[in-house]
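Engineer: Below is a structure I'd like to ask you about.
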Amino acid sequence: MKKEEFDIYYKRIVKLEDKIKQLQIELNEVKGIVSPYIQFHRPQIVIASLKEKYWHSNTPIQVDGKLLVRHSVYLGNKENFDGKSDKKLIKLAENKMGELLRRKYPQMFE
């Protein structure tokens, strides 16, 4: 590799490293802003069967790193869905849990 070619690649490396550092700083800032709201806007939903007849979902809500409460919603009879991975069931769980969280924690959605 000629010196001129090396210098071109080396300058490109330095520019890319600087850009990556700036993007990493921006990513950390945005994560810091969003992190308290993630569990409300994109909750971790668990779908399970209830009495082997019904589907229900629940999600944990934490405050200051401690488990505060686990919210649960009823989704319907098992026979109405094709199983735990049914897209309609997952969408229903997301919608119902979203409604419940918006009702219980309106300040997190303002």
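Per-residue answers, yes or no, for (1) assigned to a loop (DSSP other than H, G, I, E, B); (2) loosely packed, with under 11 Cβ neighbours inside 10 Å:
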position: Lys21; (1), (2): no, yes
position: Glu52; (1), (2): yes, yes
position: Asn58; (1), (2): no, no
position: Lys91; (1), (2): no, yes
position: Leu101; (1), (2): no, no
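Engineer: Quick test of your reading of the structure: Gly32 fulfils all but one of (1) exposed (fewer than 10 other Cβ atoms within 10 Å of the Cβ); (2) more than 22 Å from Gln62 (Cβ to Cβ). Name the failing condition by number.
Structural biologist: Of everything listed in (1) exposed (fewer than 10 other Cβ atoms within 10 Å of the Cβ); (2) more than 22 Å from Gln62 (Cβ to Cβ), Gly32 misses just condition (2).
The numbers here are math on the coordinates, done by the rules we state, and not lab data. Since the structure is predicted, the reported quantities are computational estimates derived from the model, not experimental observations. Here the Cβ is made from the backbone with ideal geometry for all residues, glycine too, and neighbour counts use every protein chain on show.
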